[in-house]
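Each remark here refers to the structure printed beneath this line.
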């Protein structure tokens with residue numbers, strides 16, 4: 001069975017690259033097609049294979065100063081994908097949140113696309129990225145025209161993937177609405193075994209926000225709410241909103257910047273609760289927090305509804321939700337958490353046990369099953385034989 005892999009771009013190790021890393025482990029000989037590859041930004045498991053880049057890479061090679069502005073080439077991504085043609089193969093597996101699910105197929109190939117989400121910034125989240133105060137009026141009008149073009153391209157190419165997999169029920173519904181296609185949910189990998197719960201009495205007792213400091217993640221809600229409450233909040237992460245957030249924060253809000261991977265287990269395990277104020281497609285950080293025995297206070301929308309079990313008076317649960325994405329909504333949930341001492345009513349071991357159902361080992365098994373069951377009969381047999389041989 002000859003397999004080709006595809007991924008939007010290779011510029012760092014985030015959640016999408018963890019999915020790709022698993023596929024690279026499944027298919028160690030498979031070539032990888034991508035728009036851009038910046039050397040040294042991804043793991044050796046991904047990098048140690050033939051990597052084929054798009055014509056846009058050649059532009060960056062000639063003008064390396066443009067590398068950090070690769071997202072500005074967005075209007076040209078469909079053109080570049082059309083010229084990134086895989087070699088003859090039996091199976092293409094793409095992981096995409098942008099354009100690689102529209103990769104042209106060689107004759108006879110079957111394409112399975114693992115979608116992290118359809119492009120948020122050209123559909124329902126345009127203002128979160130380009131709204132007033134974030135970009136100039138002129139820039140916003142230009143980007144609106146680009147969005148119209150990209151939406152048209154999306155509709156014309158949505159059949160290039162024979163089967164869609166996706167990372168949450170929330171994204172499955174988005175795919176159904178936007179592409180009029182169904183998808184199979186395979187939750188992404190979370191390295192839960194890295195995290196160890198700590199007894200409540202041993203914790204430092206701060207609240208924790210961790211994530212990129214960008215508008216749609218709504219770190220501003222957390223900073224404002226805790227500045228008004230006076231409770232300790234640690235903010236871990238960097239991004240374009242950092243200086244603005246620091247200016248609005250009181251002394252009880254501490255900014256840690258980017259936290260090294262080896263320090264994350266302790267940062268999670270010492271927290272009283274994890275704050276997740278944005279609407280996300282899935283969200284790995286709340287599961288890392290729960291794997292550390294730390295309950296979650298989350299906006300009751302998006303992927304959090306699938307990864308956090310709501311606390312009930314009868315027992316159980318791994319967190320609580322606030323319904324409105326407002327400072328008041330978050331403050332009321334934190335006050336409820338404090339007044340009812342909910343931290344003491346959620347067992348760290350039970351939280352970790354729930355998080356383990358999303359572990360990398362579970363993802364690997366379910367992804368293999370999804371690939372085999374998605375393929376047409378002759379190819380499904382090849383895939384099953386391949387995976388069985390790999391296990392042996």
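All of the numbers you see were taken from the coordinates with simple rules; none came from a lab. These figures come from a predicted structure and were not determined experimentally. FYI the Cβ positions are ideal-geometry reconstructions off the backbone, even for glycines, and counts take in every protein chain you see.
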Rel. contact order, % - alpha carbon contacts under 8 angstrom, at least six apart, the chain: 13
More than 37 Å apart - percent of Cα-Cα pairs taken over the chain: 25
Need one number: nm distance between label points at residue 305 and residue 251, each 7 Å from Cα along Cα→Cβ, rounded to one decimal. 4.2
Length gain on complete extension for the stretch residue 152 to residue 59, per 0.36 nm per residue less the alpha carbon to alpha carbon distance? 30.9 nm
Percentage relative contact order, region 193-357, counting C-alpha pairs under 8 Å, at least six apart: 25
Relative to the longest principal axis of the C-alpha atoms of the chain, give the angle of the C-alpha long axis of helix 169-179, reported between 0 and 90° and rounded to the nearest 10°. 40
Which angle between 0 and 90 degrees, to the nearest 10, do you get for helix 360-374 versus the longest principal axis of the chain when only C-alpha atoms count? 40
Could you give the length gained by full extension between residue 259 and residue 216, i.e. 0.36 nm per residue of separation minus their alpha carbon distance, to one decimal place? 13.4 nm
Quickly work out the residue 244-to-residue 345 label distance, labels modelled 7 Å from Cα along the C-beta direction, and quote it in nm with one decimal. 3.7
Taking neighbour counts of Cβ atoms within 10 Å as a proxy for exposure, in what order, fewest first, do 72, 116 appear? 72, 116
Calculated FRET value between residue 185 and residue 41, using beta carbons and R₀ = 45 Å, to 0.05: 0.95
Given labels modelled 7 Å from the Cα in the Cβ direction, how far is it in nm from residue 193 to residue 68? 3.8
Working note, region 1-70: Cα radius of gyration (Å, one decimal) and Dmax (Å, whole number) are 12.1, 40
Whole Å is fine, so just give me how far the alpha carbon centre of region 158-224 lies from that of region 351-386. 19
Could you list 24, 166, 89 so that the one with the fewest beta carbons within 10 Å of its beta carbon is first and the one with the most is last? 89, 24, 166
R0 = 30 Å: FRET efficiency of residue 126 with residue 52, Cβ-based, nearest 0.05? 0.40
Taking only Cα atoms of region 193-357, radius of gyration then Dmax in Å: 14.3, 43
Compute the angle between helix 137-157 and the longest alpha-carbon principal axis of the chain, please, reported from 0 to 90 degrees and rounded to the nearest 10. 50
As a check on your grasp of the helix formula, calculate [θ] at 222 nm for the chain: sum -39500 (n - 2.57) over DSSP H runs of n ≥ 4, divide by the residue count, round to the nearest 500. -11500 deg cm²/dmol
